[in-house]
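To start, the structure itself, in structure tokens.
The values are calculated or read from the model by the stated rules, or taken from the named source; none is laboratory data. Predicted model, so just to flag it, every value in this text is computed and none were measured. Counting neighbours? That spans all protein chains shown, and the Cβs are built from the backbone with ideal geometry, glycine included.
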Amino acid sequence: MRHWVMRMTVHLIPVDDYGWLAPLFRERMTRWSHGRLGILGVDDAQREKALDAMRGALERRGAMTRNELMEVAERTGLETTTQTRTHLVMLLVVEGTGCIGPDVGRTSAVVATRDWIGEIRSRPREESIAELARRYIGAFAPASERDFASWSGLPLGECRLGLERIAGELRERRVGNETLLVPRGWQARPPRSPLVRLLPAFDTYLMGYASRAHLVDEAGEKRILPGGGILRPSICVDGRLVGTWANKRSGRKLAVSVEPFEPLPDDVMEAIADEARDIGRFENAEGALS
């Protein structure tokens, strides 16, 4: 299912994780959306009147498109805009009344949560933070507590508490002046080389650390993150980011173009061509380097 979680952005998460994962971010998301709606001219009374009407409609109908929900909100006297619409739907989903359901045409429906996923299994917040820390270190190790906080978007102090709860499952690893954490029994394994991946924009590998200095030099990072919230698709070779890429589809053809930061060896270019073909397979098209 899709839900606003880490870093207040939409992620695809397992349904079984919803009950413990979503509440970790609920308070912060709610506070932020209330503040934004206030700035946009929607006061507390207007907001709650619209949300109450939307909750009632969703309760009766079970699934509604965003446009249908906004029609309900506007019947309460609230004049909606693109931004207020986004925050009203977000609040309905974040509070747990509804969740993002199936696509309807070019938009997505909001479905009553109980109808979409059934019984919700919750946990105490301390246990949930510990579970999130366990999964983060398991996926991103070696990593620091600040990396965990940056990736999750949760306060550093709370992240530290989560890591403390699983301290017996971890060991420290010194790299320069930094203390990194890895699971007990973890060992670094050099990948077969070259290991090449065409990572999409905002890939979790790019978002997983407080600093990307171990992935790319400063000049390369500026090309991947040129500003304005843009994070470009990246070429990753043996864990390092060595360029950017893009694709353009025309019918059954998917043309993949690459912009390496410096010339790449032939075996790497061959692996990139393989990646382009595989992306085409996934997109049900004929992928090839342009």
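Any residue in the stretch 143-162 that is outside the structural domain of Arg212 (by TED's automatic domain parsing) sitting within a Cβ distance under 9 Å of a residue that is among the aromatic types (Phe, Trp, Tyr) and not in a helix (DSSP H, G or I)? List the pairs, counting only those 6 or more apart or interchain.
Correct list of pairs: Ala143/Tyr209; Ser144/Tyr209; Arg146/Tyr209; Asp147/Tyr209; Ser150/Tyr209; Trp151/Tyr209.
What number goes with the only condition from (1) outside any helix (DSSP H, G or I); (2) crowded, with 16+ Cβ neighbours inside 10 Å; (3) free of Cβ contacts under 8 Å to residues at least 40 places away in the same chain; (4) of a type outside the set (S, T, N, Q) that His11 does not pass?
Checking His11 against (1) outside any helix (DSSP H, G or I); (2) crowded, with 16+ Cβ neighbours inside 10 Å; (3) free of Cβ contacts under 8 Å to residues at least 40 places away in the same chain; (4) of a type outside the set (S, T, N, Q), the one that fails is (2).
In the stretch 79-102, which residue that is closer than 23 Å to Leu40 by Cα and among the hydroxyl-bearing types (Ser, Thr, Tyr) is surrounded by the fewest Cβ atoms within 10 Å (Cβ to Cβ)?
In this case the residue turns out to be Thr82.
Matching residues to (1) closer than 15 Å to Ser193 by Cα; (2) touching a residue at least 60 places away in the same chain (Cβ under 8 Å); (3) among the charged types (D, E, K, R):
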| site | (1), (2), (3) |
| --- | --- |
| Arg232 | no, no, yes |
| Gly243 | no, no, no |
| Asn247 | no, no, no |
| Gly251 | no, no, no |
| Ser257 | no, no, no |
| Asp266 | yes, no, yes |
| Ile272 | yes, yes, no |
| Asp278 | no, no, yes |
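Suppose we filter the stretch 197-236 for residues that are at pLDDT below 95 and in a strand (DSSP E or B); how many remain?
Summing the residues that are at pLDDT below 95 and in a strand (DSSP E or B) in the stretch 197-236 gives 2.
Just a yes or no: is a residue in the stretch 55-62 in contact with a strand residue (DSSP E or B) (Cβ under 7 Å, 6 or more places away or on another chain), assigned to a helix (DSSP H, G or I) and of a type in the set (Asp, Glu)? Walk me through how you get there before you give the answer.
Initial filter on the stretch 55-62 (in contact with a strand residue (DSSP E or B) (Cβ under 7 Å, 6 or more places away or on another chain)): 57-59, 62.
From what is left, the residues that are assigned to a helix (DSSP H, G or I) are 57-59.
Of the ones still in play, those that are also of a type in the set (Asp, Glu) are 59.
Scanning the stretch 55-62, I find at least one residue that is in contact with a strand residue (DSSP E or B) (Cβ under 7 Å, 6 or more places away or on another chain), assigned to a helix (DSSP H, G or I) and of a type in the set (Asp, Glu), so the answer is yes.
Is it the case that some residue within the stretch 16-36 is outside any helix (DSSP H, G or I) and over 24 Å from Gly229 (Cβ atoms)? Steps first, answer last, please.
Initial filter on the stretch 16-36 (outside any helix (DSSP H, G or I)): none.
Among the residues of the stretch 16-36, not one is outside any helix (DSSP H, G or I) and over 24 Å from Gly229 (Cβ atoms), which makes the answer no.
Can you tell me which residue among Arg26, Arg61 is among the basic types (Lys, Arg), touching an Asp or Glu at 6+ places or on another chain (Cβ under 9 Å), surrounded by fewer than 17 Cβ atoms within 10 Å (Cβ to Cβ) and under 29 Å from Tyr136 (Cα atoms)? Show your work before the answer.
Working: Arg61 fails: under 29 Å from Tyr136 (Cα atoms).
Result of the check over Arg26, Arg61: Arg26.
Taking Gly220 as the residue in question, decide whether it is without any contact (Cβ under 8 Å) to a residue 24 or more places away in the chain, within 18 Å of Pro194 (Cβ to Cβ) and crowded, with 18+ Cβ neighbours inside 10 Å. Show your work before the answer.
Values: without any contact (Cβ under 8 Å) to a residue 24 or more places away in the chain: no; within 18 Å of Pro194 (Cβ to Cβ): yes; crowded, with 18+ Cβ neighbours inside 10 Å: yes.
So Gly220 fails the test.
Residue check: is Glu259 of a type in the set (D, E, K, R), at pLDDT 95 or above, surrounded by 12 or more Cβ atoms within 10 Å (Cβ to Cβ) and closer than 29 Å to Ser150 by Cβ? Walk me through it before giving the result.
Values: of a type in the set (D, E, K, R): yes; at pLDDT 95 or above: yes; surrounded by 12 or more Cβ atoms within 10 Å (Cβ to Cβ): no; closer than 29 Å to Ser150 by Cβ: yes.
No; evaluated as a whole, the condition is false for this residue.
Are there any helices (runs of 4 or more DSSP H) wholly within the stretch 79-188 with 3 or more residues that are within 30 Å of Ile39 (Cα to Cα), and if so which?
On the way: elements: 82-94, 113-117, 125-140, 145-152, 156-165.
It comes to 82-94, 145-152, 156-165.
Report, by residue number, each residue of the stretch 41-58 that is touching a helix residue (DSSP H, G or I) at 6+ places or on another chain (Cβ under 9 Å) and exposed (fewer than 13 other Cβ atoms within 10 Å of the Cβ).
Across the stretch 41-58, the qualifying residues are Gly41, Asp43, Asp44, Gly56.
Within the bounds of the stretch 177-194, is there any residue that is under 29 Å from Ala276 (Cα atoms), surrounded by 13 or more Cβ atoms within 10 Å (Cβ to Cβ) and touching an Asp or Glu at 6+ places or on another chain (Cβ under 8 Å)? Please lay out each step first, then the result.
Within the stretch 177-194, the subset under 29 Å from Ala276 (Cα atoms) is 188-194.
Imposing the further condition that a residue be surrounded by 13 or more Cβ atoms within 10 Å (Cβ to Cβ) reduces the set to 194.
From what is left, the residues that are touching an Asp or Glu at 6+ places or on another chain (Cβ under 8 Å) are 194.
Scanning the stretch 177-194 turns up at least one residue that is under 29 Å from Ala276 (Cα atoms), surrounded by 13 or more Cβ atoms within 10 Å (Cβ to Cβ) and touching an Asp or Glu at 6+ places or on another chain (Cβ under 8 Å).
Of the residues that make up the stretch 65-88, is at least one within 26 Å of the chain's Cα centre (by Cα) and closer than 21 Å to Gly153 by Cα?
Yes, some residue in the stretch 65-88 is within 26 Å of the chain's Cα centre (by Cα) and closer than 21 Å to Gly153 by Cα.
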